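Since the structure comes first, as structure tokens, the remarks are kept for the end.
The values are calculated or read from the model by the stated rules, or taken from the named source; none is laboratory data. All of these numbers come straight from a predicted model, not from anything done at the bench. Note: ideal-geometry Cβ built from the backbone for every residue, glycine included; neighbour counts use all protein chains shown.
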There are 2 protein chains.
Amino acid sequence: MDLEAVRTFVAAAEAGRFQDAAAELSVTQQAVSKRVATLEKRLGVRLFTRTARGVRLTVDGQAFLPHARDLLRAEERAVASVRPGRRALRVDVIGRRLAPATLLGDFRRAHPEVELDVVTLFDVDAAVDALRSGTIDASFRAVTMPGRQLPDDIRAVRVYDEPVQLLIGPAHPLAAAHTVTPAELAGHRIWMPGLVPGTEWAAYYDALAAAFGLTIEITGPDFGTEPLLDTIAGSSSLATFVGERTRLVWPADQSLRRIAVGRPTPVYPHSLIWHRENPHPALAALGDHLGSGRLDHSDAGTWTPAWA
Amino acid sequence: MDLEAVRTFVAAAEAGRFQDAAAELSVTQQAVSKRVATLEKRLGVRLFTRTARGVRLTVDGQAFLPHARDLLRAEERAVASVRPGRRALRVDVIGRRLAPATLLGDFRRAHPEVELDVVTLFDVDAAVDALRSGTIDASFRAVTMPGRQLPDDIRAVRVYDEPVQLLIGPAHPLAAAHTVTPAELAGHRIWMPGLVPGTEWAAYYDALAAAFGLTIEITGPDFGTEPLLDTIAGSSSLATFVGERTRLVWPADQSLRRIAVGRPTPVYPHSLIWHRENPHPALAALGDHLGSGRLDHSDAGTWTPAWA
DNA sequence: GGGAAGGCACAACCGCCCGTTGTGCGCCTA
DNA sequence: TAGGCGCACAACGGGCGGTTGTGCCTTCCC
């Protein structure tokens with residue numbers, strides 16, 4: 001379907017006459033007539049009844065009109081999402097099912113007027129580059145990697161310490177446990193395919209493994225979450241880590257179990273970083289929203305890497 | 001913007017290679033390349049980075065992708081709204097700001113999975129014709145007009161008795177009243193432009209005027225609700241009737257006042273009518289929804305026309 | 001390190017769609 | 001009944017979009 005035809009249809013419906021719609025669109029009346037006729041042919045229904053004083057919407061036309069407006073609005077938003085300058089707020093998250101995406105979902109509900117786009121970059125370096133070039137406006141990252149220092153023009157605020165949980169199947173020996181300590185996981189096989197070496201995500205789990213003597217396997221190609229969850233659910237020895245707010249979409253019959261990890265609870269330090277001079281008006285709203293819900297991370301019962 | 005290009009963009013983003021997208025769309029790789037290049041040119045940004053093993057989304061492309069999917073979904077809904085057979089549930093209402101539209105809004109919220117289109121036909125006769133021809137699936141009307149009998153194949157259920165209220169400006173002598181009786185309105189000027197003779201809407205107010213000795217003026221052309229409300233707000237003698245749930249969109253400074261009418265309260269009997277053999281699956285859900293919230297209209301303190 | 005293969009871009013060609021001009025027809029109005 | 005208004009149809013022309021053919025770059029493998 002051609003959006004130019006849809007735009008013509010809306011203009012004609014509002015004007016009530018093809019001639020006026022044609023004037024508004026800077027084309028001839030015949031062009032409007034042709035566009036509408038083509039649209040009607042494609043849809044298989046008549047959208048207007050032609051009268052001596054102009055046109056009037058048919059019932060089908062009345063039903064189609066709001067959808068046509070929706071289409072044009074969606075087009076406007078799509079164009080606006082990539083328009084240089086004054087585009088929608090663009091935030092980088094580490095994964096679309098992880099806690100940052102959930103936090104952004106909360107923000108979207110709290111501020112429905114803010115246009116928000118979510119993207120995913122490779123790592124902190126890419127995010128910093130994108131922040132500096134103005135390609136993105138903010139990024140959720142664990143920015144305090146060992147040996148790295150944020151540049152002066154990048155601001156960072158630690159907004160959410162997310163508890164790490166163990167995900168296992170019903171046949172796993174820990175399936176009946178309510179809580180396990182990190183030390184109790186030593187000797188168990190913890191499998192995390194998809195953990196890309198060099199990312200801060202991988203650095204976090206490296207530190208976790210080192211601190212408590214765990215063995216984390218990242219062998220094998222990453223086939224996506226579904227095969228991973230399938231394997232975990234059917235295994236009596238494999239486990240994996242997930243964040244407390246990680247959304248899992250798995251078939252209900254798999255009966256995967258989340259086991260809390262405590263004494264201490266490893267928490268993943270999500271931070272929001274942005275460029276000091278970014279003028280985007282919605283950025284302040286995002287900062288306020290995240291700051292208001294910020295958790296107190298001075299709790300002695302939690303664990304973070306020494307470099308965090 | 002061309003939706004075919006948008007569809008191509010989504011296919012290429014999912015496939016990761018122009019060649020695969022081309023195969024899926026049954027065009028050549030060069031056509032996909034051209035479509036994407038044209039789209040990028042129109043948007044002014046690069047959507048893909050070209051690599052030796054295919055293409056990868058840029059940050060702009062990542063931001064654009066969900067909007068592109070939205071566009072295609074909106075197109076699908078638009079086409080579905082007029083597709084003969086299996087189209088969305090289509091309901092005729094007497095006006096988009098009156099109570100039936102509000103009831104449909106409630107239904108939409110309660111059943112977000114139901115595709116619903118709202119149209120407005122001229123009168124009961126047009127609605128019955130449309131129900132029989134399958135053009136619409138249901139209609140909100142006050143069907144019990146004097147001298148009219150619904151055909152056997154049309155079912156009707158009285159779903160909502162809407163109290164009538166008086167709408168006046170702050171300078172009107174009744175502005176301070178909490179409730180007025182219909183009889184007290186005799187002698188006041190009640191102005192209702194836009195009341196089309198021959199419709200059941202007009203018949204109702206004719207009966208109301210006759211029952212209580214009121215004078216209802218329908219003189220003058222109907223310029224829409226805004227001028228009407230402006231005039232009412234600034235007049236010390238003009239009043240008009242509105243339904244209890246009628247949504248008015250007027251500038252806040254006009255300070256219009258709604259005055260309840262009681263002893264008895266005139267109520268407008270909204271009914272839902274549909275064709276006996278309409279097979280639309282969502283029609284039953286609409287009937288259930290309206291039936292569950294149906295008001296008891298055996299209240300002796302209300303008034304309806306004798307023919308209702 | 002060099003050849004082969006895979007994948008995208010560019011050029012040329014062409015058909016078709018779209019918009020314009022010119023005209024006809026039906027309906028309402030005076 | 002004549003005139004005007006408004007949409008549809010016909011003919012024409014240009015440009016957009018698709019295909020074929022080809023070139024270039026990257027990656028992989030021997």
Residue under question is A:Val180, and the condition is that it be modelled with pLDDT of 90 or more, crowded, with 16+ Cβ neighbours inside 10 Å and touching a Gly at 6+ places or on another chain (Cβ under 8 Å); does it hold? yes
Exercise for the section: Return a yes/no flag: does the stretch A:79-94 have any residue that is hydroxyl-bearing (Ser, Thr, Tyr) and either within 16 Å of DNA strand C (Cβ to nearest atom) or at pLDDT 95 or above (or both). Expected result: no
| request: Evaluate the following for A:Arg56: is it within 16 Å of DNA strand D (Cβ to nearest atom), over 28 Å from A:Val128 (Cβ atoms) and more than 10 Å from chain B (Cβ to nearest Cβ)? | output: yes
Within the stretch A:27-46, residues small (Gly, Ala, Ser) and more than 7 Å from DNA strand C (Cβ to nearest atom) come out as A:Ser33, A:Ala37, A:Gly44
Next on the checklist: I'd like to check something: does the stretch A:153-163 contain any residue that is over 23 Å from A:Ala99 (Cβ atoms) and in contact (Cβ under 8 Å) with a residue 24 or more places away in the chain?
Outcome noted: yes
For the stretch A:111-138, pairs from a residue that is farther than 22 Å from A:Ala203 by Cβ to a residue that is among the polar types (S, T, N, Q), with Cβ under 7 Å and 6 or more apart or across chains, are A:Asp117/A:Ser81; A:Asp137/A:Asn278
Wholly inside the stretch A:107-213, strands (runs of 3 or more DSSP E) that include 3 or more residues that are within 14 Å of another protein chain (Cβ to nearest Cβ) and in contact with a strand residue (DSSP E or B) (Cβ under 8 Å, 6 or more places away or on another chain) are A:116-119
Across (1) within 14 Å of chain A (Cβ to nearest Cβ); (2) within 23 Å of B:Thr225 (Cα to Cα); (3) touching a strand residue (DSSP E or B) at 6+ places or on another chain (Cβ under 9 Å), B:Arg87 clears everything bar (2)
With criteria (1) hydroxyl-bearing (Ser, Thr, Tyr); (2) modelled with pLDDT of 90 or more; (3) away from DNA strand C (no atom under 16 Å from the Cβ), A:Thr102 comes up short on (2)
Scanning the stretch B:71-81 for residues that are at the interface with another protein chain (Cβ under 7 Å from one of its Cβ atoms), more than 14 Å from B:His280 (Cα to Cα) and of a type outside the set (Asp, Glu) gives B:Leu71, B:Ala74, B:Arg77, B:Ala78, B:Val79
A:Pro151 passes all but one of the listed conditions (1) closer than 30 Å to B:Leu89 by Cβ; (2) out of contact with any Ser or Thr (no Cβ under 7 Å at 6 or more places or on another chain); the exception is number (1)
Among helices (runs of 4 or more DSSP H) entirely within the stretch A:18-87, at least 1 residues that are basic (Lys, Arg) occur in A:29-43, A:59-82
Of the residues in the stretch B:1-13, those that are without any contact (Cβ under 8 Å) to a residue 40 or more places away in the chain, within 12 Å of DNA strand C (Cβ to nearest atom) and outside any strand (DSSP E or B) come to B:Glu4, B:Thr8, B:Ala11
Filtering the stretch B:40-53 for residues that are within 11 Å of DNA strand D (Cβ to nearest atom) and among the aliphatic types (A, V, I, L, M) leaves a count of 1
Checking B:Arg97, B:Arg42 in turn, the sole residue that is at the interface with chain A (Cβ under 10 Å from one of its Cβ atoms) and at pLDDT below 95 turns out to be B:Arg42
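Condition check ((1) modelled with pLDDT of 85 or more; (2) outside any strand (DSSP E or B); (3) of a type in the set (A, V, I, L, M, F, W, C)) across all residues:
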| position | (1), (2), (3) |
| --- | --- |
| A:Ala260 | yes, no, yes |
| A:Tyr268 | yes, no, no |
| A:Pro279 | yes, yes, no |
| A:Ser298 | no, yes, no |
The number of residues in the stretch A:48-63 that are touching a strand residue (DSSP E or B) at 6+ places or on another chain (Cβ under 8 Å) and within 16 Å of DNA strand C (Cβ to nearest atom) is 4
Condition set within 11 Å of DNA strand D (Cβ to nearest atom) and within 18 Å of B:Pro66 (Cα to Cα), scope the stretch B:14-39, selection nearest to the other protein chains (Cβ to nearest Cβ): answer is B:Leu39
Residue pairs within 7 Å by beta carbon, gap of at least six or interchain, first lying in the stretch A:268-290 and among the basic types (Lys, Arg), second assigned to a loop (DSSP other than H, G, I, E, B), listed first then second, are A:Arg276/A:Asp153
When restricted to B:Leu116, B:Leu103, B:Leu65, the only residue assigned by TED's automatic domain parsing to the domain that holds B:Phe9 and over 9 Å from the mean Cα position of the chain (by Cα) is B:Leu65
